[in-house]
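Please find one structure pasted underneath; my questions will follow.
Read-outs: derived from the displayed coordinates by stated rules, not from any lab. Predicted model only: the values in this text are computed from it and were never measured. No Cβ is skipped: glycine too gets one built from the backbone with ideal geometry, and neighbour counts run over all protein chains shown.
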Amino acid sequence: MEVFMVGTALLKLIAVIDSKHMMLYDALGIKITTNKPLKLTLDLEEHHHHREKRQSLYQNKSTPGSLFEPHTSLKDIEHKEAARSVIKHLEKVTTANQAKYKELIIIAEPKMLGCVRQELTSGLKKIVTKEIAKDLVQHNVDAVERAVFA
């Protein structure tokens with residue numbers, strides 16, 4: 001029983017994120033134990049609504065609003081909404097498995113990592129042990145393992 005307790009105490013959740021997907025891996029010690037990661041498509045329905053609304057406003061040349069560029073690019077909006085979705089998923093996973101995960105490692109391309117950092121809740125901040133600014137969503141388990149544990 002003690003060996004099992006020691007093993008679970010070292011379990012890490014690795015989240016590999018881009019603006020459209022999140023891959024979740026389990027790791028024990030310095031080895032990823034997930035053969036096939038949990039792949040989640042991030043919910044960005046709100047983003048499409050914003051895009052249509054913004055485009056129609058800027059296409060109408062008779063309104064004064066069309067003279068100004070939007071302060072926030074659509075890409076930035078997409079990253080922020082994806083980050084919110086990521087945090088929602090991570091909260092769900094870590095809350096449901098509080099005894100299971102002791103560490104959270106986040107891997108995302110730099111801009112996405114910044115957005116995720118801004119959205120992090122205090123509960124998640126406590127377990128984040130490493131942040132890596134790389135886009136590894138399309139990479140295999142070995143590449144993710146090398147990036148995290150090298």
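What order do you get for 112-118, 92-98 when each peptide is scored by the mean count of other beta carbon atoms within 10 Å, highest first?
In decreasing order of mean packing, 112-118, 92-98 become 112-118, 92-98.
Quick one: net charge around Arg146, please, counting Lys, Arg +1 and Asp, Glu -1 for every other residue with C-beta under 13 Å from its C-beta.
Summing Lys and Arg as +1 and Asp and Glu as -1 gives 0.
Hey, got a sec? Which GluC sites (Glu not before Pro) in the range 98-134 land in a DSSP loop and have at most 13 other Cβ atoms within 10 Å?
Here no GluC sites (Glu not before Pro) fit, given the DSSP loop and packing criteria.
Here's a follow-up. Based only on other Cβ atoms within 10 Å, what is the fewest-to-most ordering of Leu13, Leu74?
Ranked by crowding around the Cβ, least crowded first: Leu74, Leu13.
OK, next. Skipping prolines and chain starts, which residues have an amide H placed within reach, meaning under 5 Å, of the one on Lys134, given they are 5 or more residues away or on another chain?
So Lys134 has HN proximity to Ala108, Glu109.
Just to confirm a number: summing +1 for Lys and Arg and -1 for Asp and Glu over residues other than Pro110 whose beta-carbon lies under 9 angstrom from that of Pro110, what do you get?
Net local charge, Pro110 excluded: 0.
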